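Participant: Below is a structure I'd like to ask you about.
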Amino acid sequence: MTTTATQAGLSDRLHDYYELTKPRVVMLIVFTAIVGMFLATPDLPPLNLFLLGTLGIALCAASAAVINQVVDRQIDARMARTSQRPIVQGHVGVAQAYAFAAVLGVLGAAVLVIWVNALTAWLTLASLVGYALVYTLYLKRATPQNIVIGGASGAAPPVLGWVAVTGEIHAHALLLFLIIFVWTPPHFWALAIDRREDYARAGIPMLPVTHGDRYTRLQILCYTVLLTLVTLLPFLTGMSGLVYLIAVLGLNGGFLWYAVRLYTTPSSPLPMQTFGYSILYLMGLFTALLVDHYVPILVLG
């Protein structure tokens, strides 16, 4: 019984630390970074750069997620969505969480500096600082445009992946950055509408709290229209071909359908439905970019 209880306790503790890293968010970050790696080369990225670059970026992203939860612990305690997080529940202490974040961040930076390249390490560090400190400590509490300005950190992963393989920043990598940057506001504001009362109770000036649902729904629609135009740029610049174009037209049609319905029909399920679609949208778009990139190779083969 004692052994079983010890194993269960260890399993619960490991799960708490795992949850501190926001694994679902990190997975999406890593996915877009990996796509950036593959798009950076006409063939396949070198295996060592692919594996070590992915590892370093993932560790740094996890570190930023942990710091975010430490800094936001008092806010998280007031919100239903985040009230069960490990630090809020007292399962992990603040000092322990900071130590965990430091270990993850140092390991991630070391992997990138030693085995990938210094530029990737510096850009990843800048992204970590931007999210964990600039956004979490200041922007989130200071302005309803927090997610717009802070979105730069979340848009960095495909650039990091690209630089990990090539050692340089390319215009096509910046297009990937721009796509995620414009996608972030309608994605997050849909969630913010659904959780408006939570944010109001926590004193966070999210757009639905400061300007109301109607205005936020209009902004989601405007940003979705802008996203539709921005996501055509990879095709218009010759970065991608018809496979991507066909896929992105369908994906954009779906996003616009949700955005228009969200604006015209203030139904309670729609914000979370739009939020859920936005995640599938980004994954589908980057998958389309990846498939399109290798279609000529597959055809010639």
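The values are calculated or read from the model by the stated rules, or taken from the named source; none is laboratory data. If you're wondering where the values come from, they're calculated on a predicted model, not measured in any experiment. In this analysis, Cβ positions are derived from the backbone assuming ideal geometry, glycine residues included, and neighbour counts consider all displayed protein chains. Accessible surface areas use protein heavy atoms only, side chains included; no ligands, DNA or RNA. Shrake-Rupley method; radii C 1.70, N 1.55, O 1.52, S 1.80 Å.
Participant: Just to be sure I understand, how many residues within region 85-94 are touching a residue at least 40 places away in the same chain (Cβ under 8 Å) and crowded, with 19+ Cβ neighbours inside 10 Å?
Facilitator: Count: 4.
Participant: Here's a follow-up. Show the residue pairs meeting these rules: Cβ distance below 9 Å; 6+ apart or different chains; first residue within region 165-189 and charged (D, E, K, R); second residue at pLDDT 95 or above.
Facilitator: So the pair list comes out as GLU168/LEU119; GLU168/TRP162.
Participant: Would you call ARG261 open to solvent by less than 60 Å² (accessible area, probe 1.4 Å), basic (Lys, Arg) and at pLDDT 95 or above?
Facilitator: It is false that ARG261 is open to solvent by less than 60 Å² (accessible area, probe 1.4 Å), basic (Lys, Arg) and at pLDDT 95 or above.
Participant: Separate question: Quick check on this structure: which one of ALA118, ALA99, ALA64 is aliphatic (A, V, I, L, M) and in contact (Cβ under 8 Å) with a residue 60 or more places away in the chain?
Facilitator: ALA64
Participant: Residue under question is VAL225, and the condition is that it be aliphatic (A, V, I, L, M) and either within 20 Å of LEU174 (Cβ to Cβ) or at pLDDT below 95 (or both); does it hold?
Facilitator: So VAL225 fails the test.
Participant: Check VAL30 against each of (1) in contact (Cβ under 8 Å) with a residue 40 or more places away in the chain; (2) within 20 Å of ALA102 (Cβ to Cβ) and name the one condition it does not meet.
Facilitator: (2)
Participant: Right, here's the next one. Got a number for residues in region 95-129 being open to solvent by 80 Å² or more (accessible area, probe 1.4 Å) and outside any helix (DSSP H, G or I)?
Facilitator: 0
Per-residue answers, yes or no, for (1) of a type in the set (Gly, Ala, Ser); (2) under 18 Å from VAL35 (Cβ atoms):
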{"position": "ILE147", "(1), (2)": "no, no"}
{"position": "GLY150", "(1), (2)": "yes, no"}
{"position": "VAL163", "(1), (2)": "no, yes"}
{"position": "GLU168", "(1), (2)": "no, yes"}
{"position": "ALA190", "(1), (2)": "yes, no"}
{"position": "ALA200", "(1), (2)": "yes, no"}
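Participant: Does LEU280 fit the bill of being over 27 Å from PHE38 (Cα atoms) and without any contact (Cβ under 8 Å) to a residue 40 or more places away in the chain?
Facilitator: no
Participant: Still on this structure, I have one more. Does region 280-299 hold any residues that are surrounded by 14 or more Cβ atoms within 10 Å (Cβ to Cβ), among the aliphatic types (A, V, I, L, M) and either over 21 Å from THR41 (Cβ atoms) or under 19 Å from the mean Cα position of the chain (by Cα) (or both), and which are they?
Facilitator: LEU282, MET283, LEU285, ALA288, LEU289, LEU290
Participant: Which numbered condition in (1) surrounded by 20 or more Cβ atoms within 10 Å (Cβ to Cβ); (2) modelled with pLDDT of 95 or more; (3) over 30 Å from LEU39 (Cβ atoms) is the only one that TYR215 fails?
Facilitator: For TYR215, the exception is condition (1).
Participant: Taking into account only those residues within region 163-180 that are among the small types (Gly, Ala, Ser) and open to solvent by less than 20 Å² (accessible area, probe 1.4 Å), which is farthest from the chain's Cα centre (by Cα)?
Facilitator: Step by step, filter region 163-180, then rank; the result is ALA164.
Participant: Of the conditions (1) assigned to a helix (DSSP H, G or I); (2) at pLDDT below 95, THR287 fails just one. Which one is it?
Facilitator: Result: THR287 passes all but (2).
Participant: With respect to GLY254, determine if the residue is closer than 28 Å to LEU139 by Cα, in contact (Cβ under 8 Å) with a residue 24 or more places away in the chain, small (Gly, Ala, Ser) and touching a helix residue (DSSP H, G or I) at 6+ places or on another chain (Cβ under 8 Å).
Facilitator: no
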